[in-house]
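Here's the structure we're looking at; comments come further down.
The values are calculated or read from the model by the stated rules, or taken from the named source; none is laboratory data. Values in this document were obtained by computation on a predicted structure and should not be read as measured data. Note that we place each Cβ from the backbone using ideal geometry, even for glycine, and neighbour counts take in every protein chain shown.
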Amino acid sequence: MSEPNSNPQPKPPVISPAAAAPATPAALGELPAERVPITNPVAAVEAILREPRRIMFQLTQPGAGRVIASLLLAAIGCALVYGIVVGTFSGGEQLWAAPVKIVVGLVLSAAICMPSLYVFSCLSGSRARLADLCGLVAGLLALAALLLLGFAPVAWVFSESTESAAGIGTIHLGFWFVASYFGLRFLHAGFKLLDARGSGGLAAWVVVFILVTLQMTAALRPIVGTAPTFLPTEKKFFLSHWFDCTVGTPKEKPKTIPRAKVPSKFSS
Amino acid sequence: MDAHSSTLDTQQIPALLRGESESISGWLDQSTTRRAALCIAMILVGAGLYGAAVGLWRSPLQAGYNAIKFPLIVLLTTLANALINGMFAPLLGLNLRFRQSLMAVLMSFTIAAAILGSFSPVVLFMVWNTPPLGPSLADARDAHSFLLVSQVALVAFAGIAGNLRLWQLLRQLGGSNAVAFKVMLAWLAINLFLGSQISWILRPFVGSPHLPVEFIRDDALAGSFYETLFSAVGKLLSE
């Protein structure tokens with residue numbers, strides 16, 4: 001088989017319809033590509049990155065349950081891998097505890113916020129069913145977790161370099177904010193397609209969701225560092241927990257103390 | 001396989017430097033292993049020569065180490081960020097395939113490496129004119145600082161030029177200034193973020209006068225670039 005000539009006639013690159021979208025987008029499902037069913041997590045991952053409208057359309061079709069399951073599986077898989085990278089900072093038990101906590105935290109946050117999303121959706125005039133909203137939230141989780149997976153190599157480099165739990169915790173939080181931004185953007189786009197009259201209700205819900213996910217970092221601590229118990233024995237608001245981590249973290253951890261024995265207040 | 005394709009066509013590098021978007025965009029559409037190899041070869045040669053020239057002030061051994069480490073920074077940054085860069089492009093409105101986004105980033109680094117490589121004779125001349133590492137630690141520190149600052153300026157220039165070309169290419173692909181700018185900014189931010197840390201791990205490059213020549217320091221993985229930066233800023237503010 002011969003390779004293409006090194007100086008071929010310039011050929012325009014393949015630009016997707018998304019990149020060269022017309023000013024007024026077609027109605028949901030009008031484009032043939034959007035009607036292609038999503039049957040597995042790999043297809044869901046591909047679609048949520050490149051054809052988010054395909055996901056939104058498929059969520060309104062019979063068999064939406066399979067799409068939601070695919071999105072959730074993708075989210076769980078990606079979050080597990082990212083969690084392992086988070087766990088490499090401390091090693092030992094955290095290699096399995098961190099991924100479990102991150103997956104549980106994500107799913108719990110979504111479950112806790114689901115009823116309020118439905119209520120806010122109704123208040124915004126949307127005719128979305130609970131199943132539609134479940135699909136959008138599954139998409140949010142899948143996209144956010146997928147981006148976390150993309151950040152995983154970067155996070156790993158920092159995990160191996162730094163000794164500061166507060167430092168690596170800040171980096172993970174930064175990645176989570178970026179991932180959440182794109183996930184929530186997907187949710188917002190889906191919300192608009194579900195006949196919502198305004199997005200004020202969604203904006204309020206976004207604040208609630210963000211606060212819940214941030215509180216998970218305190219409720220499920222330690223996720224980054226280590227502690228004598230799997231879950232915390234003391235209840236704390238996340239800001240107070242972060243403050244303790246930042247103030248309590250030494251500039252350089254003494255070499256004689258192995259990572260696994262860092263006191264729980266240093267964990268974030 | 002034709003005879004032409006079996007060799008690296010180095011004549012494509014000037015087209016890349018000139019920013020001939022029409023011909024370069026074809027690279028993304030038909031990005032072959034050979035084209036990727038051409039980019040990697042240019043990075044190895046360009047960044048390697050530049051690194052060697054910088055390290056020569058300290059010692060020939062440091063020059064040898066730098067010739068390996070400079071290209072390594074570029075390639076490790078590109079590889080480690082490939083996944084997230086590939087995700088950012090479609091999410092920000094430019095529907096590039098993973099392979100295409102990887103190639104686009106590689107091409108921008110190739111341009112930067114070509115510029116750095118072209119500067120290597122200039123750097124050699126600078127090194128030749130810089131007071132050598134002698135018994136006076138104060139003189140050595142001045143020379144070390146001069147080299148550090150000048151290298152930062154040269155690397156920044158090469159980086160800006162590479163990203164300018166990248167922006168032009170993305171603008172042609174996306175047909176929109178805003179989309180191209182967003183994608184370039186996202187790629188630039190994550191590449192800078194990780195690139196700084198990888199450079200920190202692979203230090204020294206110029207080499208502090210009072211420290212021995214090493215491939216990497218014993219404490220390479222102790223602390224991060226950002227912790228050191230914050231610590232330095234904190235010290236400045238507290239003084």
Filter result for the condition that a residue is at negative phi and under 12 Å from the mean Cα position of the chain (by Cα), over A:Phe175, A:Phe158: A:Phe175
Residue within region A:217-234 that is in a helix (DSSP H, G or I), within 14 Å of chain B (Cβ to nearest Cβ) and among the aliphatic types (A, V, I, L, M) present: no
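Suppose we keep only residues that are in a helix (DSSP H, G or I) and of a type in the set (Val, Ile, Thr) within region B:85-139. Which one would you say is surrounded by the fewest Cβ atoms within 10 Å (Cβ to Cβ)? Give the steps one after another, and end with the answer.
As a first pass, look at region B:85-139 and keep what is in a helix (DSSP H, G or I): B:85-91, B:98-129, B:137-139.
From what's left, of a type in the set (Val, Ile, Thr): B:105, B:110-111, B:115, B:122-123, B:127.
Values: B:Val105: 26, B:Thr110: 28, B:Ile111: 24, B:Ile115: 20, B:Val122: 13, B:Val123: 23, B:Val127: 20.
Within region B:85-139, the match that is surrounded by the fewest Cβ atoms within 10 Å (Cβ to Cβ) is B:Val122.
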Test: residue in region B:162-185 that is part of a loop (DSSP other than H, G, I, E, B), more than 12 Å from chain A (Cβ to nearest Cβ) and within 21 Å of the chain's Cα centre (by Cα): no
Enumeration of residues in region A:1-45 that are within 13 Å of another protein chain (Cβ to nearest Cβ), at pLDDT 75 or above and surrounded by 15 or more Cβ atoms within 10 Å (Cβ to Cβ): A:Val45
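So that you can scan it fast, the table gives a plain yes or no per residue for (1) over 20 Å from A:Gly65 (Cα atoms); (2) assigned to a loop (DSSP other than H, G, I, E, B); (3) out of contact with any helix residue (DSSP H, G or I) (no Cβ under 6 Å at 6 or more places or on another chain):
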position: A:Phe89; (1), (2), (3): yes, yes, no
position: A:Pro99; (1), (2), (3): yes, no, no
position: A:Cys113; (1), (2), (3): no, no, no
position: A:Tyr118; (1), (2), (3): no, no, no
position: A:Gly125; (1), (2), (3): yes, yes, yes
position: A:Gly135; (1), (2), (3): no, no, no
Single condition B:Val213 does not satisfy, out of (1) touching a Gly at 6+ places or on another chain (Cβ under 8 Å); (2) among the β-branched types (Val, Ile, Thr); (3) part of a helix (DSSP H, G or I): (3)
Unmet criterion (only one of (1) within 20 Å of B:Leu166 (Cα to Cα); (2) buried (at least 23 other Cβ atoms within 10 Å of the Cβ); (3) not hydrophobic (A, V, I, L, M, F, W, C)) for B:Tyr50: (1)
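Which of the residues spanning region B:19-67 are of a type in the set (Ser, Thr, Tyr) and either away from every other protein chain (no Cβ under 14 Å) or not in a helix (DSSP H, G or I) (or both)?
Within region B:19-67, B:Ser31, B:Thr32, B:Tyr50, B:Ser59, B:Tyr65 qualify.
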Looking only at region B:199-224, and only at residues there that are under 19 Å from A:Ser159 (Cβ atoms) and at pLDDT below 85, the one that is surrounded by the fewest Cβ atoms within 10 Å (Cβ to Cβ): B:Asp219
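Within the group A:His172, A:His188, which residue is in a helix (DSSP H, G or I), under 23 Å from B:Gly223 (Cα atoms) and more than 13 Å from chain B (Cβ to nearest Cβ)?
A:His172
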Sole exception among (1) closer than 26 Å to B:Pro71 by Cα; (2) more than 14 Å from chain A (Cβ to nearest Cβ) for B:Ser196, by number: (2)
Matching residues in region A:157-169 - criterion: being hydroxyl-bearing (Ser, Thr, Tyr) and facing chain B (nearest Cβ under 9 Å): A:Ser161, A:Thr162, A:Ser164
Cβ pairs under 8 Å, 6+ apart, first in region A:116-137 and on the phi < 0 side of the Ramachandran plot, second β-branched (Val, Ile, Thr): A:Ser116/A:Val208; A:Leu117/A:Val137; A:Ala131/A:Ile68; A:Asp132/A:Thr60; A:Cys134/A:Ile68; A:Gly135/A:Ile55; A:Gly135/A:Val67; A:Gly135/A:Ile68
